[in-house]
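Written out below as structure tokens is the structure these notes cover.
The values are calculated or read from the model by the stated rules, or taken from the named source; none is laboratory data. Please read these numbers as outputs of a predicted model, since none were measured by experiment. Neighbour counts are summed over all protein chains in view; Cβ atoms, including those assigned to glycine, are modelled from backbone coordinates with ideal geometry.
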Amino acid sequence: MTKFTDLKLSPDVLKAIAEAGYETPTPIQAGAIPHALEGKDVLGIAQTGTGKTASFTLPMVTMLAKGRARARMPRSLVLCPTRELAAQVAENFDTYAKYTKLTKALLIGGVSFGEQDKLIDRGVDVLIATPGRLLDHFERGKLLLTGVQIMVVDEADRMLDMGFIPDIERIFQLTPFTRQTMFYSATMAPEIERITNTFLHTPARIEVARQATTSETITQTLVEIAPPRRDQTAKAKRELLRALISAEGETCTNAIIFCNRKTDVDIVAKSLKTHGFNAAPIHGDLDQSQRMRTLDAFRDGGLQLLVASDVAARGLDIPAVSHVFNYDLPSHAEDYVHRIGRTGRAGRKGTAMSIGTPGDAKYLAAIEALVKMEIPRAEAPEGFALSEAAHREPKKYDDDKGGRGSRSRGGRGGRGRDRDDKRSARPEKDRPEKEAVVEAKAAPQVEVEEDLIVEVPEAKRPEPRRDDRRDNRRYRDNGPAVVGMGDHVPDFLLRSFRPNTKQAASADKASNETTAPEVEEASES
């Protein structure tokens with residue numbers, strides 16, 4: 001049996017591994033580490049939970065031990081699809097590089113650019129980042145990728161699902177051609193295959209399990225439900241989910257509940273908390289600090305139920321998850337493998353329970369075709385029955401009462417019909433008090449093309465609005481308007497500047513005597 005001491009890792013790394021309590025590498029680690037230490041490109045294919053992170057972190061720490069980083073020029077680069085996975089890789093690096101002098105920087109969203117710039121300016125050996133934030137720093141001129149010696153792409157198929165492939169291709173083009181590349185993925189879609197053929201050079205392919213297989217340590221079941229009303233499907237699924245969690249009892253020490261949409265994540269988490277369960281949501285729209293606090297509480301045992309979108313389905317190392325519940329069957333079959341892979345890790349036993357409805361038939365067929373097995377069906381918990389509310393029509397809100405969906409103007413679906421038409425159709429007793437007062441004191445009414453015109457007496461006309469009063473103040477009477485000087489020109493405008501000297505005074509006197517008639521003639525004309 002292969003041990004870590006047989007993999008030619010540095011003594012500092014082996015010491016850190018021993019303190020972490022590991023002796024025997026997993027198959028992906030035993031297969032990838034020797035090729036990585038030889039400087040070869042590596043293509044690793046393994047299901048989630050098999051130790052892919054250590055398979056590239058350990059050789060990186062060994063190879064980067066010699067050398068020194070320069071400012072704004074990292075020596076290695078690790079790309080991750082989500083903030084949580086990037087933070088987890090950073091924690092692994094801290095664990096295995098604790099006896100070295102290597103430095104790292106974590107570039108993820110939700111964190112100040114200034115703090116990240118300071119780390120980059122000092123120079124880092126390992127740069128761990130999400131693609132978007134990495135390109136933000138590069139476009140701001142704060143980062144150079146020409147010194148990258150080792151580049152790692154983790155969870156490449158998740159990158160594809162999240163639309164990061166164009167960013168990945170651009171980052172590849174910004175790094176040196178001579179770099180060493182390690183590429184890890186749980187599945188190999190055609191697009192992933194194209195990228196590996198383009199940017200990897202004769203890689204060592206390490207495939208430790210058939211693609212898209214589920215672990216044998218996970219017990220899988222599917223509970224199907226047919227809601228009595230289609231518009232109450234979500235409510236019926238929430239009731240069944242609560243019944244499944246309660247039926248598991250103490251065996252469900254903690255669980256991750258997966259939903260397809262972020263709005264459903266919030267709704268399900270709120271429903272569980274309302275019924276006394278210890279639950280909290282996590283999805284991409286939450287602040288990074290809140291997401292990290294929720295994950296830390298789940299890891300530490302302070303939170304029992306984590307309601308999540310697929311942001312938590314990839315790469316997160318939470319080894320002691322007893323259950324996974326699929327509130328929604330995933331629309332992508334590969335996501336089913338990653339979701340249930342959150343349980344049954346490191347040889348532990350795990351339970352994965354999914355809820356299916358008649359509308360999920362095509363998703364279920366795709367999942368079973370991918371994993372090449374039929375998911376065992378199970379009955380609903382004994383004594384479970386849908387509440388009366390799940391059989392009734394959902395509540396509707398009346399627009400006239402100011403409920404949700406009301407609009408004061410014309411809107412979609414005809415909600416904003418002309419209110420004057422509604423008022424004219426209402427009985428007299430239901431009409432507003434102001435209309436009744438106006439009509440009672442109005443002048444005789446005149447009907448023109450079936451429109452009702454009400455002439456209000458002068459005394460009862462409404463006061464002008466504040467804006468109108470403000471406009472009137474602008475043009476109030478301030479006396480005769482000043483247009484110009486007209487025909488009258490003051491004498492001082494016709495007199496020239498006279499220096500204060502006797503000679504200038506006598507010259508000015510003589511000039512006035514000769515020009516005075518001309519001035520008088522000009523004034524007469």
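Observations
- THR50 falls short of the stated requirement of being farther than 21 Å from PHE4 by Cα, at pLDDT below 90, surrounded by 20 or more Cβ atoms within 10 Å (Cβ to Cβ) and not basic (Lys, Arg).
- Residue check for THR100: under 22 Å from ARG72 (Cβ atoms), at pLDDT below 95, of a type outside the set (A, V, I, L, M) and touching a helix residue (DSSP H, G or I) at 6+ places or on another chain (Cβ under 8 Å): yes
- Scanning the stretch 244-265 for residues that are closer than 23 Å to GLY341 by Cα and in a helix (DSSP H, G or I) yields a count of 11.
- Pair list, Cβ < 7 Å and 6+ apart or interchain, from the stretch 364-378 residues that are assigned by TED's automatic domain parsing to the domain that holds ILE340 to residues that are assigned to a helix (DSSP H, G or I): ALA366/ALA333; ILE367/ALA333; ILE367/TYR336; LEU370/ALA333; LEU370/GLU334; VAL371/VAL337; GLU374/GLU368; ILE375/GLU368
To keep it simple, each residue is scored yes or no on (1) more than 27 Å from ILE195 (Cβ to Cβ); (2) within 39 Å of the chain's Cα centre (by Cα); (3) among the hydroxyl-bearing types (Ser, Thr, Tyr); (4) assigned by TED's automatic domain parsing to the domain that holds THR343.
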site: SER10; (1), (2), (3), (4): yes, no, yes, no
site: VAL13; (1), (2), (3), (4): yes, yes, no, no
site: ILE17; (1), (2), (3), (4): yes, yes, no, no
site: ALA20; (1), (2), (3), (4): yes, yes, no, no
site: ILE28; (1), (2), (3), (4): no, yes, no, no
site: ILE33; (1), (2), (3), (4): no, yes, no, no
site: GLY39; (1), (2), (3), (4): no, yes, no, no
site: VAL42; (1), (2), (3), (4): no, yes, no, no
site: ALA46; (1), (2), (3), (4): no, yes, no, no
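- Out of LEU37, LEU77, sole residue that is modelled with pLDDT of 95 or more, surrounded by fewer than 20 Cβ atoms within 10 Å (Cβ to Cβ) and not β-branched (Val, Ile, Thr): LEU37
- Counted as qualifying within the stretch 116-211 are the strands (runs of 3 or more DSSP E) with 3 or more residues that are under 24 Å from the mean Cα position of the chain (by Cα) and under 22 Å from VAL61 (Cα atoms), namely 126-129.
- Count - residues of the stretch 325-341 that are in a helix (DSSP H, G or I) and either within 22 Å of the chain's Cα centre (by Cα) or more than 20 Å from THR50 (Cβ to Cβ) (or both): 5
- Residue that is surrounded by the most Cβ atoms within 10 Å (Cβ to Cβ) [pool: residues in the stretch 150-162 that are touching a Ser or Thr at 6+ places or on another chain (Cβ under 6 Å) and not acidic (Asp, Glu)]: ALA156
- Pair list, Cβ < 9 Å and 6+ apart or interchain, from the stretch 55-72 residues that are part of a helix (DSSP H, G or I) to residues that are of a type in the set (Lys, Arg) and at pLDDT 90 or above: THR62/LYS8
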